[in-house]
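Structure first, then comments.
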Amino acid sequence: MTLFYIVLATLIGGVLSVVIAASLTTSVLTYVVKHLVSLSAGVLLGTALLHTLPEAFESAVDAHTLFATLLGGLLFFFLLEKAELYRHDHHHEGDGHHHHHHHDAEQAGRGGYSVLVGDSIHNFCDGIIIAAAFIADPWLGVTTSVAIILHEIPQEVGDTIVLINAGFGRRKALLFNALSGLAAVVGGVLGYYVLAWWQSLYPYLLVVAASSFIYVAVADLIPQMQRRMPLRELLSQVAWIGAGLLLIIVAIGFMHEHG
């Protein structure tokens, strides 16, 4: 049954964002993504600091070792983002460089495939993290999946826009993004069978998952919200962050009552 939940969670996480991108107009997408960024920040921080890390530190593993793992995870995701930034850097037509005709379109196409490769690796890792969380505790798996899915929706929608700008047609961009999302299912299934043999890895994987959530929230999502805005928009932003935190707090409370 655990494997079924893992496959279901990773499948929803990998495909839901593509379905949303396919069904909404650009203006609506922009509106939805803006609020999802704030909601995701609250969910990711709440999951990492109120649930995943406490679960890991309740194990018999030395706290210093887990903190070192947390530090290593933060540095790893920092370097991973650096690599993705380099991959995303490409020419544009009329940039002043002298290339043959259609050179920049070709480079944009290659950049699109690089985004897909990087996204597939990221989704594969998410699948392993979801598998570890479900094996450790079903409710931890649920909250971890919610955190990942809520973050994946704006990220995958953004990737779809990048692919379209890189020369992919809308239908092709959605199809390739959906295929990339299926890498999470592969990671989840592989993680289920591999981690069953190495249960001692659970605390470390939970800490790595937490480091991923913290890094994404602090280095990616929160900077997007740090700009001057009217008071009404600021209050809305804070409310969405609070809603994300409340969602996790309620889930944790429900879990403790029915655990």
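Condition first: among the hydrophobic types (A, V, I, L, M, F, W, C), open to solvent by 80 Å² or more (accessible area, probe 1.4 Å) and either in a helix (DSSP H, G or I) or within 9 Å of I149 (Cβ to Cβ) (or both). Now tell me which residues in the stretch 1-18 satisfy that. Of everything in the stretch 1-18, just one residue is among the hydrophobic types (A, V, I, L, M, F, W, C), open to solvent by 80 Å² or more (accessible area, probe 1.4 Å) and either in a helix (DSSP H, G or I) or within 9 Å of I149 (Cβ to Cβ) (or both), namely F4.
Among the residues of the stretch 203-232, just one is assigned to a helix (DSSP H, G or I), surrounded by fewer than 13 Cβ atoms within 10 Å (Cβ to Cβ) and among the charged types (D, E, K, R), namely R232. Scanning the stretch 32-54 for residues that are under 24 Å from Q226 (Cα atoms) and open to solvent by less than 20 Å² (accessible area, probe 1.4 Å) yields a count of 10.
Table: residues versus (1) over 28 Å from G46 (Cβ atoms); (2) open to solvent by less than 30 Å² (accessible area, probe 1.4 Å); (3) modelled with pLDDT of 75 or more.
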position	(1), (2), (3)
E106	yes, no, no
G118	no, yes, no
C125	no, no, yes
I129	no, yes, yes
F134	no, yes, yes
D137	no, no, yes
I153	no, yes, no
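When the test is whether a residue is exposed (fewer than 14 other Cβ atoms within 10 Å of the Cβ), out of contact with any Cys (no Cβ under 9 Å at 6 or more places or on another chain), part of a helix (DSSP H, G or I) and at pLDDT 85 or above, V194 passes it. Count of the stretch 220-246 residues, restricted to those that are in contact with a helix residue (DSSP H, G or I) (Cβ under 7 Å, 6 or more places away or on another chain) and modelled with pLDDT under 85, is 3. If I ask for residues that are loosely packed, with under 14 Cβ neighbours inside 10 Å and assigned to a helix (DSSP H, G or I), which ones from the stretch 55-71 would you list? Across the stretch 55-71, the qualifying residues are A63, H64, T65, F67, A68, L71.
Could you tell me whether V162 is modelled with pLDDT of 85 or more and in contact with a Gly (Cβ under 9 Å, 6 or more places away or on another chain)? So V162 fails the test. Residues in the stretch 236-259 that are under 11 Å from S38 (Cα atoms) and open to solvent by 80 Å² or more (accessible area, probe 1.4 Å): V238, W240.
The values are calculated or read from the model by the stated rules, or taken from the named source; none is laboratory data. Computed from a predicted model, the values in this text were never measured in an experiment. Cβ sites come from the backbone with ideal geometry, for glycine too, and all protein chains shown count toward neighbours. Side chains included, ligands, DNA and RNA excluded: accessible areas come from the protein's heavy atoms. Shrake-Rupley method; radii C 1.70, N 1.55, O 1.52, S 1.80 Å.
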